[in-house]
Amino acid sequence: MRSRIGVYICSCGTNISENLDIDQLVRFSSGLENVAYVKTHALLCSEDGKSHISDDIIKEKPDRVVIVACTPKEHEKTFRNVLQKAGINPYLFQMVNVREQVAWVTADKQTATEKAKAYIRAAVRRVALHEPLEKREIDCNPDVLVIGAGPAGMEAALTLAKAGRKVFLVEKNSFIGGRVARYEEVFPKLECASCMLEPKMDEMLHHENIELLTNSEVREVLGFLGNFVARIQKKAGFVDREKCLGCGACYEQCPVTVRNEFDYNLSDRKAIYVPYTGALPNVPVIDTKNCLRFGDSGSSTYREAYELGLITLEEYEMFRNQDCSKCRDACSFDAINYEDTDEIVERNIGGIVVATGFDLFDPSVLSQFGYGSIPEVYTSLEFERILAQTGPTGGKLLMANQKEPRSVAIIHCVGSRDRNNKEYCSAVCCLYALKYAHMIEKHAPEVKVYDIYADWCVPGKDNQEFLDSVAGWKNLHFIHTKLPMNIAIQQADSTIALSCVDLAGKKQEFSADMVVLCPAMIPAKDASALSDILLISRGKDGFFTEGHTKLAPVSTNIEGIFIAGCAQGPKDIQSSVAQASAAAGQLLSLLVPGRKLELDVITAEIDEKACAECRICIGLCPYKAIVLDREKKVAVVNTVLCKGCGTCVAACPSGSAKSRHFTTQQIFAEIEEVLK
Amino acid sequence: MKDFEPRIIGFLCNWCSYAGADAAGSARKIYPPNVKVIRVMCTGRIDPQFVLKAFQSGADGVLILGCHPGDCHYKEGNYNALRRFHLLRTMLAQFGIEKDRVRLDWVSASEAEKFVATVNDMVKKVKILGPLRKTAVA
Ligand code: SF4
Ligand code: SF4
């Protein structure tokens with residue numbers, strides 16, 4: 001098959017011509033098979049250069065084009081557009097990178113010219129094998145899925161909803177507000193946390209564009225920017241949100257009392273419950289593990305007994321199916337439905353914001369802190385609950401014995417900034433430690449506070465002022481140690497004995513009735529599962545990785561999926577909310593209603609006749625783009641999902657998978673020609 | 001033997017290593033011309049056949065460069081490349097091709113230095129090995 005190839009050689013000012021003999025290249029290229037003509041230009045990417053090419057194409061009527069210039073990463077798109085306008089399919093084109101990879105990196109002109117010739121020869125052979133490919137466009141869905149209803153998730157949802165986008169906000173808990181819902185006050189202005197959150201929560205709950213799915217988890221996501229499909233598991237809560245008025249009559253009647261995990265087990269709740277007074281949405285849920293009716297775990301002893309053959313199935317069923325219906329009987333609004341079941345719902349969206357927040361490093365793995373073995377040692381989140389009016393002590397600073405402590409020790413950097421644990425700084429501990437000191441001063445001014453720190457990390461415009469204002473309190477004693485990790489904490493009769501070495505090398509020994517640890521922030525537990533579902537990558541610490549640390553701080557490796565808040569790394573509320581706004585803004589500019597999205601042209605395809613149905617490709621595709629057509633017994637590429645990595649092509653043992661624009665034949669031709 | 005200039009094929013992934021090679025160019029780092037680059041979208045696309053084909057067509061060495069683990073533009077193409085690479089080396093040994101003639105390494109878009117160092121090193125190693133015995137892949 002004869003082709004009529006036009007070759008254009010660019011001097012790039014003198015960038016290329018300085019180290020390549022253009023005349024030699026012209027003579028060389030003219031002699032190659034299928035080359036109809038060779039033209040040169042001083043600057044092909046300039047307006048003049050581009051019109052030179054298109055005028056020339058119209059005149060010379062080549063059927064394929066080779067451009068010898070700079071890196072395709074810079075101008076491949078530019079020239080494809082020129083070709084398209086001039087009436088040639090933009091894929092009947094090949095670029096030869098003689099600037100970045102020849103002229104600029106080769107010691108002498110003749111060697112460089114020879115290297116360029118090899119590349120030109122390869123490109124001319126390759127382009128003759130190119131096939132025309134058509135641009136494909138699809139509609140873009142402007143709606144968005146937001147995962148996590150903490151401050152970041154709510155901000156993103158509201159921003160998008162106000163711009164008219166439909167938002168599906170998925171929250172795994174039965175309540176919204178995230179960790180912040182547990183706080184009494186927030187630094188540095190010591191604002192009341194619930195007063196700050198409530199207007200937002202209220203606005204969000206009543207926004208017509210937001211569908212809130214509490215008790216829900218994302219199970220599967222397929223697709224790509226503009227066209228994702230999410231499968232979401234809505235767990236049965238057994239209380240109808242429409243009918244329930246939130247009067248609380250049901251939980252008053254529930255006979256089961258268990259520890260309340262919202263308060264980190266420092267308080268009790270019923271089997272039907274709202275986690276704290278004021279939780280939104282104010283709709284109780286039934287915890288089937290502990291409810292007598294369902295008794296998933298309440299009867300686990302019975303189940304075990306049954307499995308061990310100690311009791312009969314009937315006996316087991318009898319214990320399990322206790323006919324308790326006290327909550328339903330107490331409800332005047334017929335809101336409780338024991339028949340409620342888990343449900344999988346599907347939502348179509350164009351983009352996703354991941355705002356799954358954080359968890360705390362478990363300090364019990366570091367025995368020196370006594371967490372888990374000494375009763376009055378708490379984590380920061382537990383202490384937040386002790387300080388909260390909706391918490392187990394009603395906001396009073398009390399120990400488990402209901403007495404006020406005489407002294408409290410607050411320890412920074414538990415697991416943070418430590419090579420053996422979490423190397424990073426958790427960014428907020430210094431500031432909330434100061435908040436604790438301030439709140440203790442306010443609630444119990446006689447209590448002595450020890451603050452054991454290594455460095456102060458209080459960047460930002462209000463924070464130094466905050467430190468200075470708290471530091472003046474006479475009962476607050478700072479102990480500056482090199483490594484809070486080297487502290488020793490031991491139970492001593494009625495109090496806790498602490499000792500550490502201060503910066504001057506002096507051993508400091510003191511006692512406190514209560515100890516508050518500030519553990520490192522770590523990614524939320526479900527981050528790893530979610531990264532498998534969404535295919536977004538995580539860094540070595542497990543937080544989701546941003547597209548670029550500085551320039552794309554809320555993007556991920558997957559187009560259309562953004563991260564905000566502590567899912568990306570430790571940070572305070574203001575930074576989380578700022579990231580959420582950024583993520584929402586990115587989505588608003590990407591997903592414009594009515595705008596079409598261009599699909600990858602370079603995808604894989606599978607030859608039906610040759611496919612041996614071995615399914616190797618199906619398992620390897622990172623985008624789940626290949627499915628088995630059971631009727632035809634062949635693997636089929638969904639070219640909407642395929643990104644064209646070519647993994648399946650390289651792995652296909654029958655040679656039936658093919659990469660568009662990177663066919664084996666084309667690459668073989670290149671190999672042969674560059675080696676000639 | 002002194003004048004032996006090895007011919008090496010470099011398969012570079014579009015997103016990281018090809019960009020790394022471009023970065024070496026922008027920084028005007030001079031390196032030997034022996035490595036001829038063939039751009040692929042992902043190292044995952046590199047079929048063992050490509051490597052065999054290169055040797056059959058007269059290459060003395062094959063250099064495969066991709067994104068660092070965890071940074072693959074396609075999530076895990078480079079892991080697939082790595083897996084395949086180990087198999088490939090075993091297979092090549094059966095053809096009598098020394099294992100230093102093929103190399104897989106990671107070069108990110110910003111690692112111009114590493115790109116140049118890897119090319120230099122590869123050229124040096126293949127020079128020491130000398131030309132590929134034609135009989136090996138006949
Ligand atoms: S059915 Fe009974 S045990 Fe279960 S939640 Fe209702 S009141 Fe509690
Ligand atoms: S080229 Fe193959 S493996 Fe890669 S995304 Fe497309 S179908 Fe999946």
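So here's what we get for this one:
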| item | result |
| --- | --- |
| Pick from the range A:628-650, criterion in contact with a helix residue (DSSP H, G or I) (Cβ under 9 Å, 6 or more places away or on another chain) and more than 7 Å from chain B (Cβ to nearest Cβ), ranking: nearest to A:Arg125 (Cα to Cα) | A:Cys648 |
| Residue within the range A:389-412 that is open to solvent by 70 Å² or more (accessible area, probe 1.4 Å), in contact with a helix residue (DSSP H, G or I) (Cβ under 9 Å, 6 or more places away or on another chain) and assigned to a helix (DSSP H, G or I) present | no |
| Segments classed as strands (runs of 3 or more DSSP E), wholly inside the range A:516-599, with at least 3 members that are open to solvent by less than 20 Å² (accessible area, probe 1.4 Å) | A:561-563 |
| Every residue from the range A:588-604 that is within 9 Å of ligand 2 (Cβ to nearest atom) and in contact with a strand residue (DSSP E or B) (Cβ under 8 Å, 6 or more places away or on another chain) | A:Ile602, A:Thr603, A:Ala604 |
| Residue selected from the range A:282-332 under the condition within 13 Å of ligand 1 (Cβ to nearest atom) and outside any loop (DSSP other than H, G, I, E, B), by the criterion modelled with the lowest pLDDT | A:Arg320 |
| Identity of the residue in the range B:96-127, assigned to a helix (DSSP H, G or I) and farther than 15 Å from B:Val62 by Cα, that ends up most open to solvent (accessible area, probe 1.4 Å) | B:Glu113 |
| Pairs with Cβ under 6 Å, 6+ apart, first in the range B:50-64 and at the interface with chain A (Cβ under 7 Å from one of its Cβ atoms), second of a type in the set (Phe, Trp, Tyr) | B:Lys53/A:Phe668 |
| Residue in the range A:604-612 that is within 11 Å of chain B (Cβ to nearest Cβ) and over 29 Å from A:Lys540 (Cβ atoms) present | yes |
| B:Ser17, sole failed condition from (1) touching a residue at least 60 places away in the same chain (Cβ under 8 Å); (2) open to solvent by less than 10 Å² (accessible area, probe 1.4 Å); (3) within 11 Å of another protein chain (Cβ to nearest Cβ); (4) under 22 Å from A:Gln666 (Cβ atoms) | (3) |
| Sole exception among (1) within 11 Å of chain B (Cβ to nearest Cβ); (2) among the hydroxyl-bearing types (Ser, Thr, Tyr); (3) away from ligand 2 (no atom under 14 Å from the Cβ) for A:Thr663, by number | (3) |
| Residues of the range A:624-659 that turn out to be more than 9 Å from ligand 2 (Cβ to nearest atom), of a type outside the set (Gly, Ala, Ser) and open to solvent by 40 Å² or more (accessible area, probe 1.4 Å), as a count | 10 |
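Table: residues versus (1) open to solvent by 20 Å² or more (accessible area, probe 1.4 Å); (2) within 16 Å of ligand 1 (Cβ to nearest atom).
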{"site": "A:Ser216", "(1), (2)": "no, no"}
{"site": "A:Arg219", "(1), (2)": "yes, no"}
{"site": "A:Lys235", "(1), (2)": "yes, yes"}
{"site": "A:Phe238", "(1), (2)": "no, yes"}
{"site": "A:Glu242", "(1), (2)": "yes, no"}
{"site": "A:Glu252", "(1), (2)": "yes, yes"}
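The values are calculated or read from the model by the stated rules, or taken from the named source; none is laboratory data. Nothing here was measured: the structure is a model prediction, and the numbers come from that model. Methodologically, a virtual Cβ is constructed for each residue, glycine included, from the backbone with ideal geometry; neighbour enumeration extends over all protein chains shown. Each accessible area value is taken on the protein alone, full model and side chains, heavy atoms only, with ligands, DNA and RNA left out. Shrake-Rupley method; radii C 1.70, N 1.55, O 1.52, S 1.80 Å.
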